[in-house]
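One structure below.
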Amino acid sequence: MDIWETLYEKARGEYHPEDVTPFIHAHHVVCALESVDGRIYTGFCIESCCGVMDLCAERTAALNMYMNSGQTQIRRLIAFRDRPPFGEESGMPCGACREFLMQLDPRNRDLEILVDYESRQTVTLGELMPAWWGEPRYRASAEPSAE
């Protein structure tokens with residue numbers, strides 16, 4: 001079993017679409033990610049009648065990683081609905097998730113995202129965010145202060 005199959009199986013365990021309440025629907029998009037230390041974290045989408053409270057599966061998995069280990073860097077990520085990613089029309093993080101992952105750690109630029117399960121085709125977050133606006137701020141925060 002390769003890492004992508006392991007991630008798929010972990011995420012698939014979270015897939016069981018359900019209405020949590022008449023206002024909240026969950027578990028219809030799932031995610032598994034591998035942190036740089038090799039641990040796997042999962043997450044699922046939670047949507048409510050008030051869109052500002054929605055959380056995508058990718059963000060809940062990343063938050064799960066951070067809350068449980070303090071880590072911010074991700075090595076690999078898979079996200080999907082009822083079947084594994086099957087090309088450009090599935091498996092891609094939305095803009096808010098891409099932005100969150102970049103803000104979480106600049107090294108996530110190298111994060112591999114599976115876009116096709118059968119061929120194991122991946123894309124990096126950096127390829128999806130080639131001229132990310134936050135790079136100058138990260139560089140400035142890494143420079144020693146002039147005191």
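The values are calculated or read from the model by the stated rules, or taken from the named source; none is laboratory data. Given the structure is predicted, the values throughout are model-derived calculations rather than measurements. Ideal geometry is used to build each Cβ from the backbone, glycine not excepted, and the neighbour counts take in all protein chains shown.
State all residues of the stretch 15-40 that are within 21 Å of residue 90 (Cβ to Cβ) and either of a type in the set (Ser, Thr, Tyr) or in a loop (DSSP other than H, G, I, E, B) (or both); if no residue qualifies, say none. The answer is 15, 16, 17.
Against the list (1) farther than 25 Å from residue 131 by Cα; (2) modelled with pLDDT under 95, the condition residue 14 fails is (2).
I'd like to know if the stretch 128-139 contains one or more residues that are touching a strand residue (DSSP E or B) at 6+ places or on another chain (Cβ under 8 Å) and closer than 14 Å to residue 31 by Cβ. Within the stretch 128-139, not a single residue is touching a strand residue (DSSP E or B) at 6+ places or on another chain (Cβ under 8 Å) and closer than 14 Å to residue 31 by Cβ. For the stretch 41-76, give me each residue that is over 14 Å from residue 100 (Cα atoms) and in a strand (DSSP E or B). Of everything in the stretch 41-76, those that are over 14 Å from residue 100 (Cα atoms) and in a strand (DSSP E or B) turn out to be 41, 42, 43, 44, 45, 46, 47, 48, 75, 76. Considering the stretch 63-83 alone, what residues qualify as being closer than 17 Å to residue 4 by Cα and under 14 Å from the mean Cα position of the chain (by Cα)? Listed by number, the residues that qualify are 74, 75, 76, 77, 78, 79, 80, 81. Residue count for the stretch 16-37 satisfying the condition of being over 11 Å from residue 81 (Cα atoms) and over 15 Å from the mean Cα position of the chain (by Cα): 10.
Modelled with pLDDT under 95 and either small (Gly, Ala, Ser) or over 22 Å from residue 14 (Cβ atoms) (or both) - does that describe any residue in the stretch 32-48? Scanning the stretch 32-48, I find at least one residue that is modelled with pLDDT under 95 and either small (Gly, Ala, Ser) or over 22 Å from residue 14 (Cβ atoms) (or both), so the answer is yes. Starting from the stretch 123-137, keep only residues that are under 15 Å from residue 100 (Cα atoms), then list their pairs with residues that are part of a strand (DSSP E or B) and of a type in the set (Val, Ile, Thr) whose Cβ atoms are within a distance under 8 Å, requiring at least 6 positions of separation or different chains. Within 8 Å, the pairs are 124/113; 125/113; 128/113. The residues listed here are 141, 119; of these, the one that is outside any loop (DSSP other than H, G, I, E, B) and over 26 Å from residue 20 (Cβ atoms) is 141.
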